[in-house]
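Worksheet: the structure to be examined is printed underneath.
The values are calculated or read from the model by the stated rules, or taken from the named source; none is laboratory data. All of these numbers come straight from a predicted model, not from anything done at the bench. Cβ: placed from backbone, ideal geometry, glycine included. Neighbour counts: every protein chain shown. SASA here: full protein model, heavy atoms, side chains in, ligands and nucleic acids out. Shrake-Rupley method; radii C 1.70, N 1.55, O 1.52, S 1.80 Å.
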Amino acid sequence: MESVERYSPVDSFFGKPYVDVDEEREQPLPHRYLHGGFEGTDTRFSFYFPPRGQCEGRMVQTFGGASGGNEMSAQTVGMLNAHHIAFSNGAYLIESNQGHIGPSMEGLDGDLSILCGRADVETARLSHAVAEELYGAQPHHSYCYGGSGGGNFTIWAMERAPDLYDGGVPFMFGGSSFSMTLNAVRVLDPVIESVIDAMAPGGSGNPFEGLSTLQREALAALYRGGFQRGAEHQLRLPMPEIGWPGMRGVDAMRLADPEYFEAFWTEPGYAGADGVLEAEIIHEKTAVDAVVTAEEMASANRDGSVAGGPMMSMLLQMLGLSGDVPLGIRVAGLDAATLTGAKVTVDAGGAAGREWYCFMVVGDVLIPTGEGSFFDPALVADIAQGDAITVDNRDFLAYCYSDRHEARDPLSFAQFTVVGTPIYPQRPEVPSHLAWTGAFGGKMILQQHLMDRPCWPPVAIRYHRSVLEHLGDGTDDQFRIWWTDKAQHVPPAPGTPDATLSIWYVGIVSQGVRDVIAWAEDETPPGRTMDYDYVDGQVLLPTAADDRGGIQPVVTATANGAVVAKAAPGEDVELAFTAEVPTGWGTVIAAEWDFDGSGAFANPVEGIDGRGRVVERSVSHRFDVAGTHFATVRVTSHRDGDVAARTERIENLARVRIVVA
């Protein structure tokens with residue numbers, strides 16, 4: 001293309017751009033697709049241009065999650081609806097791979113600022129030139145959005161290139177203390193179901209009942225660090241954080257602070273050196289009892305009786321793995337249930353010298369984590385039955401306690417300080433390339449999830465405070481923060497039990513992009529910053545929608561007038577809900593009940609016509625089987641009250657407990 005040939009990169013790191021794919025595509029929406037990169041770098045990009053008559057002179061850039069590495073996430077993660085978000089707003093869509101290919105960081109030449117935003121910014125500037133060739137003019141407004149790592153990149157780009165972006169929507173951004181999370185997963189595993197039940201609707205409300213001292217301390221640290229009550233089911237998940245170099249995992253910490261692991265086991269003031277963990281250390285030489293394939297794993301998981309089996313089945317489906325692809329190993333002579341987080345070193349055989357961390361144990365099978373992915377079957381390749389291995393959890397134990405030695409943030413680590421004085425020895429601070437200032441150009445709507453395991457609220461609160469410092473009385477002219485209730489990191493798969501616990505949040509992101517465009521171009525302010533308090537690591541929201549703010553409906557539910565009901569088998573139980581949308585930000589367009597915990601939501605509520613901001617309904621239902629049941633109501637609102645809308649659907653849900661005896 002002529003525009004690409006003429007383009008001179010603004011950032012001297014990037015060589016001459018090129019295009020290696022230029023084709024018309026019909027799916028998911030008609031567009032012209034361009035793929036290319038910059039010579040002399042690993043930076044790649046994808047451009048998606050709708051037909052000339054559909055583009056109204058805007059650019060929307062989506063940033064990939066985690067540490068990037070994929071310039072095709074709009075194609076491969078279709079659930080995030082990126083094409084619609086851009087095209088429906090009269091924009092073309094672009095994305096880059098943040099300067100590196102897959103998990104390899106070699107293309108960054110050791111400069112993380114390329115990953116954090118420089119590759120994205122240069123890609124955006126190039127797209128302006130291409131748009132001028134295709135549409136006759138460069139975009140008059142440019143916007144960006146992204147979640148998780150992409151939320152970080154959104155903020156970086158808006159702060160470092162204020163001339164380029166007119167608005168942005170970072171969501172579930174920042175991070176959390178992976179070490180606190182992993183320690184809680186480790187010590188709470190035997191009692192996690194009782195913790196979840198205590199905090200579920202109708203539970204005791206006291207998750208510490210029946211826990212040991214070690215378990216109480218780990219859970220308390222988690223809550224005070226910012227992990228939200230009600231999200232305890234997220235602690236059932238495996239541990240991909242263990243081995244992700246780009247995600248502050250064990251290896252990343254070893255690179256950043258190589259002396260920490262020795263200090264942990266030798267210097268007073270560290271739990272390892274003080275003997276606190278003596279009974280938990282595993283350092284054993286053993287052998288591979290068996291290599292387990294995808295087909296063997298799938299077969300063992302089909303009846304749902306294997307611990308962790310449903311999660312493993314979901315991962316197999318997501319990654320398209322089947323047949324004789326090796327997934328994990330059984331080890332001889334050790335209790336597999338204690339090996340989550342342990343490092344496996346192959347001492348002999350075709351894979352001698354290979355190391356990996358176990359992020360998940362399914363039944364008695366150890367599953368390896370890969371670099372930048374949930375797990376990598378290649379790590380099990382060449383391992384054979386009988387190969388000698390060493391299993392060692394000492395690095396993992398040290399990592400689990402590292403947060404107390406990095407207690408610099410009063411929002412997340414107040415439990416490890418007294419009047420600002422750290423209780424435990426402190427490690428040197430590691431400089432971050434994602435140091436935010438709160439000073440950005442354009443308009444921003446920050447959306448932070450309240451049930452997110454890897455991205456906790458404190459980072460959003462810190463950013464909110466930085467914005468207030470820089471913008472002062474002008475904050476409301478440029479910034480909003482919306483807390484997304486009942487949202488976890490990955491949207492739930494439809495028709496699964498997870499769908500009764502968390503919402504499909506993509507509609508809120510999509511509406512946020514639409515609102516930030518209207519704010520930047522028409523001076524139409526979006527829903528106000530939500531009111532919240534932050535107490536002991538917990539975000540507390542008002543119970544009434546108009547007091548709370550934002551755009552999400554507030555939903556409450558009852559069973560026989562309370563949050564828990566007791567009934568005999570076959571006895572009618574009256575289930576009721578109230579849904580309230582903040583005034584001026586839409587009406588209720590749908591509600592559905594799930595009575596059996598399957599996530600099917602097969603019981604729509606009749607008579608909802610999209611006219612009501614406040615909706616109350618009730619229904620009678622009989623539970624025939626003795627036991628504890630949870631009924632869930634999912635409520636959807638829409639800005640224009642369009643009951644047939646397929647997008648910009650704003651969800652929330654509520655659950656009640658029914659004990660049938």
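Checking the stated criteria, GLU296 turns out not to satisfy the condition of being out of contact with any helix residue (DSSP H, G or I) (no Cβ under 8 Å at 6 or more places or on another chain), at pLDDT 85 or above and outside any loop (DSSP other than H, G, I, E, B).
When the test is whether a residue is touching a Cys at 6+ places or on another chain (Cβ under 8 Å) and over 26 Å from CYS455 (Cα atoms), PHE49 passes it. Look at region 566-592: where a residue is within 16 Å of SER620 (Cβ to Cβ), no partner that is part of a strand (DSSP E or B) and at pLDDT below 95 sits 6+ places away or on another chain with Cβ atoms under 7 Å.
For region 136-181, name all the residues that are part of a loop (DSSP other than H, G, I, E, B), aliphatic (A, V, I, L, M) and more than 18 Å from ARG118 (Cα to Cα). Once the filter is applied, which keeps residues that are part of a loop (DSSP other than H, G, I, E, B), aliphatic (A, V, I, L, M) and more than 18 Å from ARG118 (Cα to Cα), region 136-181 yields only ALA137.
If you scan region 23-38, which residues turn out to be assigned to a strand (DSSP E or B) and open to solvent by 70 Å² or more (accessible area, probe 1.4 Å)? Within region 23-38, GLU23, GLU24 meet the criteria. For ALA388, work out the one condition from (1) closer than 30 Å to GLU355 by Cα; (2) under 24 Å from the mean Cα position of the chain (by Cα) it doesn't fulfil. Failed condition: (2). Within region 39-58, being open to solvent by less than 80 Å² (accessible area, probe 1.4 Å), closer than 19 Å to GLU71 by Cα and in a loop (DSSP other than H, G, I, E, B) holds for THR41, ASP42, THR43, PRO50. Of the set (1) over 15 Å from SER618 (Cα atoms); (2) open to solvent by less than 10 Å² (accessible area, probe 1.4 Å); (3) of a type in the set (Val, Ile, Thr), all apply to VAL539 but (2). When each of SER598, SER620 is tested for being of a type in the set (Ser, Thr, Tyr), farther than 15 Å from PRO201 by Cβ and surrounded by 13 or more Cβ atoms within 10 Å (Cβ to Cβ), the lone residue that passes is SER598.
Condition check for GLU606 on (1) in contact (Cβ under 8 Å) with a residue 12 or more places away in the chain; (2) loosely packed, with under 14 Cβ neighbours inside 10 Å: one failure, at (1). Residue pairs whose Cβ atoms lie under 6 Å apart, sitting 6 or more positions apart in sequence or on different chains, and linking a residue in region 621-636 that is closer than 17 Å to LEU501 by Cβ and part of a strand (DSSP E or B) to a partner that is open to solvent by 50 Å² or more (accessible area, probe 1.4 Å) and not hydrophobic (A, V, I, L, M, F, W, C), are PHE630/ARG655; THR632/ARG655; THR636/ARG649.
Show me the strands (runs of 3 or more DSSP E) found entirely inside region 473-546 where at least 2 residues are more than 20 Å from the chain's Cα centre (by Cα) and either β-branched (Val, Ile, Thr) or on the phi > 0 side of the Ramachandran plot (or both). Because the criterion is at least 2 residues that are more than 20 Å from the chain's Cα centre (by Cα) and either β-branched (Val, Ile, Thr) or on the phi > 0 side of the Ramachandran plot (or both), no strands (runs of 3 or more DSSP E) in region 473-546 meet it. From the set of residues in region 75-127 that are open to solvent by less than 10 Å² (accessible area, probe 1.4 Å), closer than 25 Å to VAL513 by Cβ and in a loop (DSSP other than H, G, I, E, B), which is modelled with the highest pLDDT? Looking at the filtered set, the residue picked out is GLY90.
Here's the yes/no breakdown for (1) among the acidic types (Asp, Glu); (2) under 29 Å from ALA435 (Cα atoms); (3) open to solvent by 70 Å² or more (accessible area, probe 1.4 Å):
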position: HIS470; (1), (2), (3): no, yes, yes
position: GLN511; (1), (2), (3): no, yes, no
position: GLU523; (1), (2), (3): yes, no, yes
position: MET530; (1), (2), (3): no, yes, no
